[in-house]
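Reading through the structure tokens given below for one structure.
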Amino acid sequence: MKAILIDDEVHCLDTLSMIIKDYCPELEVTDLCGSAKKGLAAIEKSKPDIVFLDIEMPVMNGFELLEEFKEIPFSVIFTTSYDQYAIKAIRFSALDYLLKPIDPKELILAVRKASSQKTSPTAEQFMMLIEQIKNKQSGFLKIAVPTAQGFELIPSDQILRCEADDNYTHIHLKNKTRITACRSLKEIEEQLNDFDFFIRVHHSYLVNLNEINKYVKGEGGYLIMTDGSIVDVSRSRKEMLLKKLQPNRS
């Protein structure tokens, strides 16, 4: 696979290039670009499979570079120093990022994820990301969920419960449909972390607190959801659940 690296800091380009050479030999780095403008030219020329894109750059940043494309026929892995809001927006959009300084293990996982994805990210994902970056005050309403067919954009409040299935997650919606995400439950949980109405009640289950009809006592107990489904509660997560359900409970 061909890769292009775009970053205004030369040492970051050199370091990432060396790490890729050592840990991801399946990638051929065709261009090291010190600006977004040079990156655009390199993308046009080389037609890469993956672009490693720095977010903060002078004149044109990484998000503005992406706005130059009507369609994005390559995978994007953002590289960034810690920016809590940008990372949150990237995660909600089901896109990938690497924190500087880059950990080789994280790099390997990101490349593996990008290469296994059957379809390129959708224009809607990038629009969702860019709109969130521009309008921080509006908050996140949807999450992007990768599926075998592409991506689904799901309003968070329509999610009733999520169920782990090895490296996949079955997302059950209020309209009684089910979406199978090509992400682990842990990854879906990270996307939903900022919504205070979701809680992990079992290693296999994440639920919407607003969609619980009843809690039935037991060693861990279980929940009856608004769709009639039954969700087990693990003993280790029982107390945290009860505190959420009864915030004034002593």
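The values are calculated or read from the model by the stated rules, or taken from the named source; none is laboratory data. Since we're looking at a predicted model, the values are computed, not measured. Ideal geometry is used to build each Cβ from the backbone, glycine not excepted, and the neighbour counts take in all protein chains shown.
Values for this structure:
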{"item": "Residue match in segment 195-205 (condition: in the same structural domain as GLU152 (by TED's automatic domain parsing), under 26 Å from TYR97 (Cα atoms) and modelled with pLDDT under 90)", "result": "yes"}
{"item": "Residue check, LEU5 closer than 30 Å to THR169 by Cβ and not aromatic (Phe, Trp, Tyr)", "result": "no"}
{"item": "Scope segment 206-242; condition closer than 18 Å to LEU185 by Cβ, part of a loop (DSSP other than H, G, I, E, B) and modelled with pLDDT under 95; matching residues", "result": "GLY220"}
{"item": "First in segment 107-133 and farther than 24 Å from SER156 by Cβ, second anywhere and among the small types (Gly, Ala, Ser) and surrounded by fewer than 19 Cβ atoms within 10 Å (Cβ to Cβ), Cβ under 7 Å, 6 or more apart", "result": "LYS118/ALA148"}
{"item": "Some residue of segment 2-15 being in a strand (DSSP E or B), in contact with a strand residue (DSSP E or B) (Cβ under 9 Å, 6 or more places away or on another chain) and surrounded by fewer than 19 Cβ atoms within 10 Å (Cβ to Cβ)", "result": "yes"}
{"item": "Pairs where the first residue, in segment 175-190, is crowded, with 17+ Cβ neighbours inside 10 Å and the second is assigned to a helix (DSSP H, G or I), C-beta under 7 Å, 6+ apart", "result": "ALA181/ILE188"}
{"item": "Total residues in segment 137-174, condition closer than 19 Å to GLN125 by Cα, hydroxyl-bearing (Ser, Thr, Tyr) and either in contact (Cβ under 8 Å) with a residue 60 or more places away in the chain or crowded, with 16+ Cβ neighbours inside 10 Å (or both)", "result": "2"}
{"item": "Residue within segment 19-29 that is in the same structural domain as LEU109 (by TED's automatic domain parsing), surrounded by fewer than 19 Cβ atoms within 10 Å (Cβ to Cβ), under 23 Å from ILE133 (Cβ atoms) and touching a helix residue (DSSP H, G or I) at 6+ places or on another chain (Cβ under 7 Å) present", "result": "no"}
{"item": "Residue count, segment 43-77 (criterion: among the polar types (S, T, N, Q) and surrounded by fewer than 21 Cβ atoms within 10 Å (Cβ to Cβ))", "result": "2"}
{"item": "Verdict on LYS37 being without any contact (Cβ under 8 Å) to a residue 60 or more places away in the chain and either within 22 Å of VAL145 (Cβ to Cβ) or not aliphatic (A, V, I, L, M) (or both)", "result": "yes"}
{"item": "Yes/no for TYR215 being closer than 30 Å to ARG112 by Cβ, surrounded by fewer than 20 Cβ atoms within 10 Å (Cβ to Cβ) and among the aromatic types (Phe, Trp, Tyr)", "result": "no"}
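Conditions tested, residue by residue: (1) modelled with pLDDT of 90 or more; (2) in contact with a helix residue (DSSP H, G or I) (Cβ under 7 Å, 6 or more places away or on another chain); (3) assigned to a strand (DSSP E or B).
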position	(1), (2), (3)
GLU44	yes, no, no
PRO58	yes, no, no
PRO73	no, no, no
ILE77	yes, yes, yes
ILE90	no, yes, no
ALA94	no, yes, no
ALA110	yes, no, no
